[in-house]
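Bear in mind these aren't lab numbers, they're just calculated from the coordinates by the rules spelled out. Just so we're clear, the structure is a prediction, and the values are computed from it rather than from any experiment. In this analysis, Cβ positions are derived from the backbone assuming ideal geometry, glycine residues included, and neighbour counts consider all displayed protein chains.
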C-alpha cells in the first residue's frame, strides 16, 4: 500500500528553466509534507517542507505547493541549475511520528 | 550541533549470516529514530521507528529486527540474512513535533 506516490520516475529539464516534481498521497492523516534531495551513495538531505494548514511555502529557488483537496503536492525549482540533478523524494508525516516516502523522481538538468 | 553516525559504510555478507548495523546520534536527547531501506530502483521504505528507549514500531514484516538499548543508539539486526535483504540502509533521527528527519550516510549491504 503506497501511501505516498511519485508517478514520474525521471524528469529532464533544461538549465535555467523550471523543474516541477509531483507527489500524490492517500492518507488524510498526513499533516506535514517534506521534500528531500538525494545523491548516489549518500543519505537524503532535507530541502523544504509545508504544513497542511498552508498551501505554499517558498525558500529561495524552491517552492512547495500543497493541494489538500486533491491530495497533491509539488516542488518547483526555478531557475534549474546543474547541481540540482539528483533524486528527489517527497515525504509525509502523520503528527511527526514517522516519515513515509515516495519512490523518488530522478531529476536531470541539461546544460 | 547534532550529528548522526552510521556504520559500516559498506558490507558484504553471505546468505545465512547474522547482521548488526549501528546508528548513534549526538547533540540531542530523546530523538525519534528510524531505519529505512532503499532497494535497487525503489524508494525509501520505512522499516522501523522508535520514539523512546525500548519502543520499536515495525512497519513491514520481514527478516529484520531493531533495538534501541540507549536513548541515542539504534541497532538493526538479522539472525540469518537473505539475498533479498541486500540494499542501502539508512538511519535517521528527528525531534517531534518537528517532522524533518536527518539522515546518516547509509550502509550498502550486499548479501551473496
Determine the gain in length on full extension of the stretch residue B:96-residue B:22; use 0.36 nm per residue of separation and subtract their C-alpha separation, reporting nm with one decimal.
-> 24.4 nm
Give the Rg (one decimal place) followed by the Dmax (whole number) of chain B, computed from C-alpha coordinates and expressed in Å.
-> 13.3, 41
Pseudo-spin-label distance residue A:69 to residue B:11, built 7 Å along Cα→Cβ, given in nm, is 4.9
Dividing the surface of the Cα convex hull of segment A:31-110 by four yields a projected area in nm² of 5.6
Once the convex hull of the C-alpha atoms of segment B:46-99 is built, how many Å³ does it hold per residue, rounded to a whole number?
-> 89
A correct fewest-to-most ranking of A:39, A:32 by other Cβ atoms within 10 Å would be A:39, A:32
Shape descriptor, segment B:1-59: equivalent ellipsoid semi-axes (Cα gyration tensor, sqrt 5λ, whole Å, largest first) stand at 22, 15, 13
Note down the nm distance, to one decimal, between modelled labels 7 Å out along Cα→Cβ at residue B:60 and at residue B:30.
-> 3.1
Which length gain, in nm to one decimal place, applies between residue A:11 and residue A:26 when the Cα-Cα distance is subtracted from 0.36 nm times their residue separation?
-> 3.1 nm
What whole number of Å gives the distance from the Cα centroid of segment B:1-43 to the Cα centroid of segment B:53-70?
-> 12
Final fewest-first order of A:68, A:98 on the 10 Å Cβ neighbour count is A:68, A:98
Pairwise label distance in nanometres, residue B:42 with residue A:110, each label 7 Å out on the Cα-Cβ vector = 3.2
Only Cα pairs under 8 Å and at least 6 apart count here; give the relative contact order of chain A as a rounded whole percent.
-> 38
Per residue and in cubic angstrom, what volume does the convex hull of the Cα atoms of the protein assembly as shown have?
-> 121
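How would A:34, B:82 line up from fewest to most surrounding beta-carbon atoms within 10 angstrom?
So the ranking, lowest neighbour count to highest, is B:82, A:34.
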Once fully extended, how much extra length lies between residue A:57 and residue A:18, figured as 0.36 nm per residue of separation less the alpha-carbon to alpha-carbon distance?
-> 12.4 nm
